[in-house]
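The values are calculated or read from the model by the stated rules, or taken from the named source; none is laboratory data. Predicted model only: the values in this text are computed from it and were never measured. Note: ideal-geometry Cβ built from the backbone for every residue, glycine included; neighbour counts use all protein chains shown.
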């Protein structure tokens, strides 16, 4: 696959960003490394899953590009191992394009999912979007210390959802979606708009991602997830958070 480096732009961070590229196809790996290096990123390459995990532990990067189908240790296992100790942004890069594969990758904790073939422009845009989201995630929206949403208490500053005083496990991206809807309570957003506002890009083919995270939020806060009172669907448009008057 031909990958053409993009011209330099002011979107490149001032501090060089370190990316760990885990890809077993040598030609693709080297082409990606060249394209990303030309954009100002510092690239560490690994040709299989075990080497990628070792490289991550030796020098933690700012972001990981992780192929799903890898020899010795698959991308799923690598992702699971990294997520046990780190929230470093991970973008899955794979030829598996089914919706099930995408959702599985996201459920493992991947921040994004790019299917082959892809352009360098798309990949670099995704990288920058994920990095922006990671930075924004460290500073959630300030809308008050604690709020009652349906059956749950939301600690916005602490990035926690509590149910009967017990913290409910939510992935960082799901909480960011909830925080955005809280900040914009009463406003209806389409899936495409939520991708743009929360995930940082507008890509119609990924709207199922929003549904997956909304499902997780309803499980966390609603008394009857199938009959939500707060996180509602507006038929033909998208989603809205409705809070009691």
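Observations, loosely collected:
- Filtered by the rule that a residue be touching a residue at least 60 places away in the same chain (Cβ under 8 Å) and within 18 Å of residue 118 (Cβ to Cβ), the stretch 42-64 gives a lone residue, 63.
- Scan of the stretch 14-41 for residues that are surrounded by 18 or more Cβ atoms within 10 Å (Cβ to Cβ) and over 20 Å from residue 118 (Cα atoms), ordered by number: 17
- Of the helices (runs of 4 or more DSSP H) lying entirely inside the stretch 145-245, those containing at least 1 residues that are more than 19 Å from the chain's Cα centre (by Cα) and at pLDDT 90 or above span 207-221.
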